[in-house]
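To start, the structure itself, in structure tokens.
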Amino acid sequence: MKKVGNHSSISRIYSFGLALMLTISLSSFAQEPAAPAATATPAAAPAAAAPAATAGGDAVKGKELFNANCAACHNLDRKMTGPALRGVAAKYDMPWLYKWINNSSALIKSGDAKAVKIYEEYNKSVMTAFPQLSTTDIDNIIAYTSEPKAEPVVSAAPPGTSTSVNEGISNNVILGALALVMLMLVVMLFLVNNVLTKIAKSNGIEASAKQPTMPIWKAFAKNQFLVLVSAIFLLLASGYFVYGFLMQVGVDQDYAPVQPIHYSHRIHAGSNGIDCKYCHSSARVSKHAGIPSLNVCMNCHKNIAEVSDTTATEEYSKAFYDKEIQKLYKAVGWDQSTQKYTGKTEPVKWVRIHNLPDFAYFNHSQHVTVAGIECQKCHGEVQTYEIQKQFAPLTMGWCIDCHRKTDVKMEGNAYYDKIHKELSKKYGVDKLTAAQMGGLECGKCHY
Amino acid sequence: MSSNKKYWKSVEELNENSSIVETLRNNEFVEQIPTDEFLSNESLSSSSTTRRDFLKYVGFTTAAASLAACEGPVHKSIPYVVQPDTIIPGVADFYATSMFDGFDFANLLVKTREGRPIKIENNTIEGAKFAANARVHASVLSLYDSMRLTSPKVDSKSATWNEVDAKVKASLADAKASGKQVVLLTNTLASPSTEKLISDFISKNPTAKHVVYDAVSESAALDAFESVYGERALVDYDFSKANIIVSIDADFLGDWQGGGFDKGYAQGRIPQAGKMSKHFQFEANMTLSGAAADKRVPMTIANQKLALVKIYNIITGASVSTGKIENEAEVVKAASQLKSAGSKGLLVSGIQDKNAQLLVIAINQVLKSEALLTAGARLIRKGSNEKVAQLISDMNAGLVHTLIMSGVNPVYTLANSKSFVSGLKKVKTSVAFSLKEDETAELTTIAAATPHYLESWNDLMLTKGTYSLVQPTIRPLFNTKQFQESLMSWNGVAGNYYDYIKANSASYISGSSWNKVLHDGVFVSGVSTLAGGTADYNGAASALSQSKPAQGFELVLYTKVGLGDGQQANNPWLQEFPDPITRVSWDNYVTVSQFDANKLKLENKIVANGGLNGSYATLTVNGVKLENVPVIVQPGQAKGTLGLALGYGKKAALKEEMQVGVNAYALYNNFNNVQSANITKGDGEHEFACVQSQKTLMGRGDIVRETTLEIFNTAKDSREWNPVPMVSLDHKEVEATKVDLWESFDRSTGHHFNLSIDLNACTGCGACVIACHAENNVPVVGKSEVRRSRDMHWLRIDRYYSSEDTFVGDNKKKEEFDGLFGDKGSLGGFGQMESPADNPQVAFQPVMCQHCNHAPCETVCPVAATSHGRQGQNQMAYNRCVGTRYCANNCPYKVRRFNWFLYNNNSEFDFHMNDDLGRMVVNPDVNVRSRGVMEKCSMCIQMTQKTILDAKREGREIKDGEFQTACSNACSSGAMIFGDVNDKESKVAELLEDKRMYHLLEHVGTKPNVIYHVKVRNT
């Protein structure tokens, strides 16, 4: 199998550079149309909602309540654990809804036909009772659910892309014009030169004939000292580059392969602030950090079938992310329409990014639990990575360097009490580095 | 100078008129090369690809391919879809289980990683008394045997279990209708639930019967026990209760009556308060027990019988006439000491004769031996020789309609295998439940694939009063079904065997719960002691005294530590395991005494490449000839006796490399391990793979230090028997330990590991060797490489014979050398000392890397690949090693091993590391070494590091006993103790200060971290 190359290929760097240039040059224009659009959306919402609110509830308050109480199981437009709720007021009358929300199981027990039907439809899962919600609260929620679906605002749609394309063309024109001017200057210079020589000729002034001098390369070759110095310089320089080249063989820093599912740490660890060890739980106790099994993903993704609009970036659209979530569902065998596992699974074959050779033993729990090192120290600002990459070089020099510099966290660990006392006396220091604890010995990592 | 010489190109040129010469003058070939043949190919001439283009394509593709190959490989990481909550990748789980395969049995902990068992450890919970021997440690590899039967077969074609069940049920119905026999032929089961299923089966099928067959029979002892105590069992002797042990051909440290007595025995062997047990051994072959004995007397079996009667006379006061006995004085001495020891005495015997076994019980009863009276009963052998013989004659008479076998391989293990096979042909339906398609399964109608014990559920009652559970540690690898599950479906019992055991268990585990027993692996319901019983002992004694001696040579068949009864013959660890006594791997052989070898002109010699060669012999027993049996001249072998190990010479379901040795079962007539044999010299020489060519210590008493209990107790200064070697410094004699070339590091901080080996407790059983293999991914190199001394064992157990009668005698002889020539000349004297005595003392010494604080290997490594850790371990960085082998040359202990070849993924070494299944046993925490690097014992640094990390994570100090190595964990006799000497409370720190402590080759000044304890013999 071939290694998938880094995404930062030359063309990419090039296009990124161009894009950067463009954004800087155009930032003043791009900002302006976007800002009013963003503020306009929420402002428009209550205006549109007002006529739809049947029971006269406050949709803004309703949204808050909905997000706090209902969103775990309901979505406005999509079936989740419970049904989609947009326009629910049209299907059921308000008193029934009050009863249902306050205590659905009682309603089912009473034999209400509608209640039983829903109960049966959703795999006999009982909805949590919300006795704390008053009728006004419920009115507010219903008001929110009764809002019409916001039409995608065409004018506000990706402002960046459209403008940048337009501006890009004009930029090319400017560049072209500049090149043209340059060309013209060169031609003019040539012409001026010609004219001047002609004038000089006509005036009888002979341009002094060139004395046959020794070509510079010959002079250089004759000067043995210069040859020697430059030969040494060339040898040293090539040695430097050859060494540099050889030293990076097998070092896969910034290796960021294409994964079977586009998993964004930026969204999970960054935007949502999920703790690293929630998914990589075995890092606490095992040598492996562990790639989370799919059932861990489904703890959240059972209810999160699509990303929010704000998650999408210029590069990756919402549709793109939603498609990736569908890949997860396919792998874990989750049927979204029935909200059930089909039992047909296909394990995800992730491409391993951090590949330590067999002869090096590394234990995550030693570093994570015992030493309490932040994951970011070795893995970089993972919470900002759209595509996971290898941050550290993972060379032995890199390991050793850290072991030399890092003080071992010994406070409150009874294991270290005795050895700390003895070693700190021996070295005459209060803090001990991993190296002083014997962390540089070959056998500690190679066996 | 030009020459007018004419050079002839061929004789043809002689003929002036030859047209050929003329043609050749102008052309290269006589005939036109038939180029048209391929040039006439139309498609070629019409091709647009010219030769140059073709070369360009080749060039570009080669360049592209080599460029593409420069890229690193892509590794995939595939997580679980739903991770089982008990499995954390990278963290080992341990499951308590037990095993019994009809021969070996043990209470175990199975270490699993990511759901695959990788190592066997001893269950140390209270009540779990049977530790794993070498074979049990190796059994984890037999799980991943690539030659296993992967699905059931009907008439040698793969079938489904439904087909098998239908066929068997039809056959059972047919047998019922015709009134013919249905026979279940199994090994000893020792499983209450299985036995219940069988009795249900018999009640459902009135013509059915159950025959128990042990490949290596203990029928005599079982019969004797049955006639005294009224049930079929064996005595579970408690050797720790005995001060005087007299053994008559009972290799209780080997496989005698199942083995597993070493723990109790070793307890009494460590001198405490000036006392230790005394052990007399009368035996024919040299065994582990004989090697450990204080007084070993070689004796023929015929003489042993008389000796037993003599001892019986002395102990009980009976007067059965015995006639003349060889070495009678020793027998009388042993008997009188036994008598005076009274209840602290114990007599055991391995003579396969019911009368002899009756006398054993009688003697111990008269002695009121605590070792017998407090002992329970073992239920691990139940076979009956008569019933098996009856079955074979029934089969030949056509009386058996259906034969269902489980756990047995009679076609291989029966001496009268031919008549069994002819009988098998008359059986209508035969079923063999087997792990492999072995000799028997090849011939039966149905070969039913069974799971390995690590994939099975079962319950066991190894001894009366204990109840052990067998639980699976991995999902079945193949389409297999347990014998019990099949019995259930034939009996019409619903559910699976797990439910069945669970339901059954209630009556055995009162006071505990299923989950607790499953967690512990074993449940002790009560201590059972042997009730009184008696039989006609005097009659037995006189019958025994009149038993006829063998004609010609006495051939004594035995089982080796490595292969046992031969079930695991396809296990490369066991094949490569060197026999503790002969140090020969990959073979069985006939052992002959030096006296008989001289007479028969049989010899062993070391040839130029360092390998051991031996003569071939032909053995004839009862008309059966066994040809080309290699010969080992065995010091200590009783004159007139021969030894030959069972379990070899298997052919079916075995990789080619493992098909070694000769099948001694062919000589195992009437299940008697003693046969009258004739031996003649054969042609040619056999090439052995022997790992130790030197036999004696040459009087170098500082390697294995030995003393007698008398000197040990009476000497004022321990230096008298445990001297510190002296060296000359500034022309003055000083202690070698006080002289140092190097400055020592301060080792008082942190952990400092030491491994202590007590030569008194070490029985040479070899469990540590296999445990080390499993823990450290030690490769198997094969017979021819072992012969070239390229074995990879990190831990070896050296065996030494004394040249004089005792080791002390050797030392004395060497000290008294005076000059080169003459009676006391060293020139001839050293020559004599090379050959062992006829009945030598034997010493075992486990040697692994000594982890010297001043290691000679470290100073000579040009690339600093081997260095010292402050915890005392001599570390080996494989990735740094360039393979100069300077270190191995400079190592005084010869414990470094070089990887001459790539031993994994290499078809030249077709052992377990060459197939995906076999590699599942590899320990993921230890590197698999590649070609060209040196390796050696790491003192299991991966285990000490893990212990430290666990303590750090839990924020606690480490208790004594937590630090272990694979070998110290496996050592059930307590010979190997590992720990931190900086922890002054630890056992090993105490052992370091013991007066028996010494270092190997102390005068070299290497300051090892492995310590030995002087062997004390109670002579």
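The values are calculated or read from the model by the stated rules, or taken from the named source; none is laboratory data. Computed from a predicted structure; not experimentally measured. Positions of Cβ are backbone-derived with ideal geometry, glycine not excepted, and every protein chain shown enters the neighbour counts.
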TODO: Could you tell me which of the residues B:ASN853, B:ASN874, B:ASN811, B:ASN776 is at pLDDT 90 or above and either surrounded by fewer than 23 Cβ atoms within 10 Å (Cβ to Cβ) or away from chain A (no Cβ under 14 Å) (or both)?
DONE: B:ASN853
Task: Test set (1) away from chain A (no Cβ under 14 Å); (2) of a type in the set (Val, Ile, Thr); (3) surrounded by fewer than 20 Cβ atoms within 10 Å (Cβ to Cβ); (4) touching a Lys or Arg at 6+ places or on another chain (Cβ under 9 Å) - B:THR884 fails condition number - done: (4)
Open item on the list: I'm told A:ASN299 meets every condition in (1) within 13 Å of chain B (Cβ to nearest Cβ); (2) surrounded by fewer than 19 Cβ atoms within 10 Å (Cβ to Cβ); (3) in contact (Cβ under 8 Å) with a residue 12 or more places away in the chain; (4) assigned to a helix (DSSP H, G or I) except one. Can you identify the failing condition by its number?
Closed with: (3)
Task: Options B:VAL1016, B:VAL988; residue that is assigned to a helix (DSSP H, G or I), in contact with a Phe, Trp or Tyr (Cβ under 7 Å, 6 or more places away or on another chain) and more than 14 Å from chain A (Cβ to nearest Cβ) - done: B:VAL988
TODO: Report, by residue number, each residue of the range B:85-112 that is of a type in the set (S, T, N, Q) and not in a loop (DSSP other than H, G, I, E, B).
DONE: B:THR97, B:SER98, B:ASN107, B:THR112
Open item on the list: I need every pair where a residue in the range B:522-549 that is over 30 Å from B:GLY511 (Cα atoms) has its Cβ under 7 Å from the Cβ of a residue that is among the hydroxyl-bearing types (Ser, Thr, Tyr) and part of a helix (DSSP H, G or I), sequence separation at least 6 or different chains.
Closed with: B:GLY533/B:TYR229; B:ALA535/B:SER227; B:ALA541/B:TYR312
Task: Count - residues of the range B:65-107 that are more than 7 Å from chain A (Cβ to nearest Cβ) and either touching a residue at least 60 places away in the same chain (Cβ under 8 Å) or aliphatic (A, V, I, L, M) (or both) - done: 18
Task: Exclusive hit being hydroxyl-bearing (Ser, Thr, Tyr) and either facing another protein chain (nearest Cβ under 9 Å) or more than 19 Å from A:GLN388 (Cα to Cα) (or both), set A:SER271, A:SER308 - done: A:SER308
Task: B:ASN905, sole failed condition from (1) more than 10 Å from chain A (Cβ to nearest Cβ); (2) more than 24 Å from the chain's Cα centre (by Cα); (3) in a helix (DSSP H, G or I) - done: (3)
Open item on the list: Name the residue that is nearest to the chain's Cα centre (by Cα), counting only residues in the range A:254-280 that are surrounded by fewer than 18 Cβ atoms within 10 Å (Cβ to Cβ) and polar (S, T, N, Q).
Closed with: A:SER271
Task: Checking B:MET833 against (1) under 27 Å from the mean Cα position of the chain (by Cα); (2) away from every other protein chain (no Cβ under 14 Å); (3) buried (at least 20 other Cβ atoms within 10 Å of the Cβ), the condition it does not meet - done: (1)
Task: Residues within the range A:339-350 that are away from chain B (no Cβ under 11 Å) and touching a residue at least 12 places away in the same chain (Cβ under 8 Å), tallied - done: 2
Task: Subset of the range A:351-370 (residues that are outside any helix (DSSP H, G or I) and in contact (Cβ under 8 Å) with a residue 40 or more places away in the chain) - done: A:VAL351, A:ILE353, A:HIS354, A:ASN355, A:PHE359, A:ALA360, A:TYR361, A:PHE362, A:ASN363
Task: All strands (runs of 3 or more DSSP E) inside the range B:592-634 with 1 or more residues being loosely packed, with under 14 Cβ neighbours inside 10 Å - done: B:604-606, B:624-633
Task: Condition met for B:ARG148 (charged (D, E, K, R), out of contact with any helix residue (DSSP H, G or I) (no Cβ under 7 Å at 6 or more places or on another chain) and crowded, with 19+ Cβ neighbours inside 10 Å) - done: yes
Task: Single residue of A:PRO260, A:PRO292 found to be within 11 Å of chain B (Cβ to nearest Cβ) and touching a strand residue (DSSP E or B) at 6+ places or on another chain (Cβ under 8 Å) - done: A:PRO260
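Results for (1) over 26 Å from the mean Cα position of the chain (by Cα); (2) buried (at least 18 other Cβ atoms within 10 Å of the Cβ); (3) more than 14 Å from chain A (Cβ to nearest Cβ), shown as yes or no for each residue.
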site: B:PHE911; (1), (2), (3): no, yes, yes
site: B:VAL926; (1), (2), (3): no, yes, no
site: B:GLN945; (1), (2), (3): yes, yes, no
site: B:ASP950; (1), (2), (3): yes, no, no
TODO: Return yes when A:THR311 is surrounded by fewer than 14 Cβ atoms within 10 Å (Cβ to Cβ), among the polar types (S, T, N, Q) and either at pLDDT below 90 or touching a Lys or Arg at 6+ places or on another chain (Cβ under 8 Å) (or both) and no when it is not.
DONE: no
Task: Qualifying positions in the range A:372-399 - within 17 Å of A:HIS280 (Cα to Cα) and within 13 Å of chain B (Cβ to nearest Cβ) - done: A:GLY372, A:GLN388, A:GLN390
Open item on the list: Which count do you get for residues in the range B:115-140 that are modelled with pLDDT of 90 or more and of a type in the set (D, E, K, R)?
Closed with: 4
- [ ] Sort out for me the helices (runs of 4 or more DSSP H) sitting completely within the range A:72-120 that have 1 or more residues that are of a type in the set (Phe, Trp, Tyr).
- [x] A:94-102
Open item on the list: Quick test for you: out of B:TYR648, B:TYR668, pick the one residue that is at pLDDT 90 or above, over 30 Å from B:ASN914 (Cβ atoms) and aromatic (Phe, Trp, Tyr).
Closed with: B:TYR668
Open item on the list: Taking the criterion of being more than 9 Å from every other protein chain (Cβ to nearest Cβ), part of a loop (DSSP other than H, G, I, E, B) and either within 18 Å of the chain's Cα centre (by Cα) or under 23 Å from A:ALA256 (Cβ atoms) (or both), would at least one residue in the range A:323-338 satisfy it?
Closed with: no
Task: Number of positions in the range B:119-161 that are in a loop (DSSP other than H, G, I, E, B), over 23 Å from B:TRP573 (Cβ atoms) and either touching a His at 6+ places or on another chain (Cβ under 8 Å) or of a type in the set (A, V, I, L, M, F, W, C) (or both) - done: 3
Open item on the list: For the range A:386-412, give me each residue that is part of a helix (DSSP H, G or I) and either in contact with a Leu (Cβ under 8 Å, 6 or more places away or on another chain) or not charged (D, E, K, R) (or both).
Closed with: A:MET396, A:GLY397, A:TRP398, A:CYS399, A:ILE400, A:CYS402, A:HIS403, A:ARG404
- [ ] Please specify each residue of the range B:400-442 satisfying the condition of being without any contact (Cβ under 8 Å) to a residue 24 or more places away in the chain and in a loop (DSSP other than H, G, I, E, B).
- [x] none
Task: Unique match (being surrounded by 24 or more Cβ atoms within 10 Å (Cβ to Cβ) and touching a Ser or Thr at 6+ places or on another chain (Cβ under 6 Å)) among B:LEU338, B:LEU379, B:LEU367, B:LEU346 - done: B:LEU346
